[in-house]
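The values are calculated or read from the model by the stated rules, or taken from the named source; none is laboratory data. No experiment lies behind these values; they were computed from the predicted model shown. Quick reminder, even Gly has a Cβ in these numbers, built from the backbone with ideal geometry, and neighbours come from all protein chains shown.
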Amino acid sequence: MLMQTLFQPKVKCRYCHKTEYVKRHGKGRSGYQRYRCLECRKTFQDKYIYNVYTQSDGAEKGCL
Ligand SMILES: [Zn+2]
């Protein structure tokens, strides 16, 4: 029985772009939903705060 799939949010991981490994990881202090990807072992949040937008390392803009 895979009843957990019903509660699994369809959130795409922003690192590996997979949805089957993303699970809820509680909520942040600001109230936003946090998720954890079991594939990347990284945590990220559903909605970004504007403060994060100012931090651009440019690592995501690779030539892939
Ligand atoms: Zn991932």
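Hey, can you tell me all the residues within the stretch 14-31 that are surrounded by 13 or more Cβ atoms within 10 Å (Cβ to Cβ) and touching a Lys or Arg at 6+ places or on another chain (Cβ under 8 Å)? Can you show your working first?
Let us first name the residues in the stretch 14-31 that are surrounded by 13 or more Cβ atoms within 10 Å (Cβ to Cβ), namely 14-16, 18-19, 21-25, 28.
Once the filter is applied, which keeps residues that are surrounded by 13 or more Cβ atoms within 10 Å (Cβ to Cβ) and touching a Lys or Arg at 6+ places or on another chain (Cβ under 8 Å), the stretch 14-31 yields TYR15, LYS18, THR19, VAL22, LYS23, ARG24, HIS25, GLY28.
Mind checking which residues of the stretch 18-39 are of a type in the set (S, T, N, Q) and free of Cβ contacts under 8 Å to residues at least 12 places away in the same chain? Even if it seems obvious, please write down each step before you answer.
As a first pass, look at the stretch 18-39 and keep what is of a type in the set (S, T, N, Q): 19, 30, 33.
Residue satisfying the conditions is THR19 alone.
Please work out if LYS10 is at pLDDT 90 or above and assigned to a loop (DSSP other than H, G, I, E, B).
Against the criterion (at pLDDT 90 or above and assigned to a loop (DSSP other than H, G, I, E, B)), LYS10 does not qualify.
Restricting to the stretch 21-57, what's the tally of residues that are of a type outside the set (Gly, Ala, Ser), modelled with pLDDT under 90 and part of a loop (DSSP other than H, G, I, E, B)?
Counting residues in the stretch 21-57 that are of a type outside the set (Gly, Ala, Ser), modelled with pLDDT under 90 and part of a loop (DSSP other than H, G, I, E, B) gives 9.
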